[in-house]
1. In peptide C:48-60, how many Cβ atoms from other protein chains are near each Cβ within 10 Å, on average?
2. For region D:2-73, calculate the relative contact order in percent as a whole number, restricting contacts to Cα pairs under 8 Å that are 6 or more residues apart.
3. Can you bin chain B into rounded, prolate or oblate? Criterion: square roots of the alpha carbon gyration tensor eigenvalues sorted a ≥ b ≥ c, rounded for a/c under 1.5, prolate for a/b above b/c, oblate for the rest.
4. Ranking request for peptides D:65-73, D:18-26: highest mean number of other beta-carbon atoms within 10 Å first, then the rest in descending order.
5. In nm, to one decimal, how far is the residue D:69 label point from the residue A:38 one, both placed 7 Å along Cα→Cβ?
6. Find the centroid of the Cα atoms in region B:48-85 and in region D:37-73, then give the distance between the two in whole Å.
7. Spin-label point model (7 Å from Cα, Cβ direction): what's the residue C:55 to residue B:82 distance in nm?
8. At a 10 Å Cβ-Cβ cut-off, how would you order A:9, B:57, C:30, fewest neighbours first?
């Protein structure tokens, strides 16, 4: 991605965050927000050239909305699961640490995948090295790498592959 | 300040008390850090609830600033726990 | 509308309490991270959104706080879990598998 | 309101005592960050949100960071 494009991308993201936090449209606040996000994106845009944000598009936007709904459903399932294991008198857990593989490239995509895995039923991400993710699973169902990838990561990856293609 | 809010605050106090016991008796340092992280999240929710009970809009800013700053402090603590001594 | 907010807040408060119970009962650090971050994330989210539903003029601010918690809580739990693993905390007794020794960075320690 | 104030005062007392008794100084840092957390809640309940904000910024982030850096330069375990 070119430098000017990444500069404007970072500038608009920072200004949207400022608008969200202040939640007003007074002229002074808008001017201060514009100045601050201009200065910050002038300093930091070189860092964000390497990361690579996804380009915009209608299909990606629709899939992002579907992805948010899927993640919310999984969050609610995760919480019911963990809460059941917490209040059960025998504590029925079967923990272990497994490795899964991912096909995504790009740091933003891997970050989103890791955070989604952290929020879903009984799994949380310990580390990401290259294209492998180290995952602690509260109820291990299979010890091999391929089956674990199919069980944990596949339901998010098929959306993320379209969003961050 | 009616019966429902008293009930909610009592349930929150039970959760806070259990995680405080884990903070006192956790065998290792990461246990205690996890307990403090949990207490932080519970207390951010409590601050918003108390702002609703006192009916002051400006008190929500404290919850926002608190969640932001405790996130920075916990990540710094975790970085130094990770390196080993 | 008011009663919907009360119900959502009640569910959130219940999940906060369940997070505390799980944190107290689970046997090792990693399971405690599971209970202490997942249940309290949904609990805090539902409590804050419920307050926003009860008082509709506050809804935007509460939505911002809730989204902030939803974004930062996985990161702090991930960094705490990695710190626990790298500082050599053992898994609990009933653990099934530990595949982390296949990683090059971890095997030498 | 009186429930959560009472519980918070007891948490503050317990955390401050445990800072005194821990031999591992890392645990003491975690417990002292808990002390400033409860102080924030108490200031908030006494209707002083500006003081609560300052206490959160100083007590949780700054003091914890400085103590952790200092312990890393010296020793972790108390003899």
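No lab work stands behind these numbers, since they all come straight from the coordinates. What you see is a predicted model, and the numbers here were worked out from it, not measured in a lab. Don't worry about glycine lacking a Cβ; one is built from the backbone with ideal geometry, like all the others, and counts go over all protein chains shown.
1. Numbers: counts 8, 1, 5, 8, 3, 0, 1, 4, 0, 1, 5, 0, 2.
The shielding value for this peptide is 3.
2. On the way: 57 pairs, mean separation 21.7, N = 72.
The normalised contact order for region D:2-73 reaches 30 percent.
3. Working: a/c = 6.08, a/b = 1.61, b/c = 3.77.
Oblate is the answer for chain B, as a/c is 1.5 or above yet b/c matches or exceeds a/b.
4. Working: D:65-73: 14.0, D:18-26: 15.9.
Per-residue mean Cβ counts within 10 Å order the peptides as D:18-26, D:65-73.
5. According to this spin-label approximation, the distance is 3.3 nm.
6. 10 Å
7. Taking the two extended label points, one gets 3.8 nm.
8. Working: A:9 17, B:57 11, C:30 26.
Fewest-to-most ranking of A:9, B:57, C:30: B:57, A:9, C:30.
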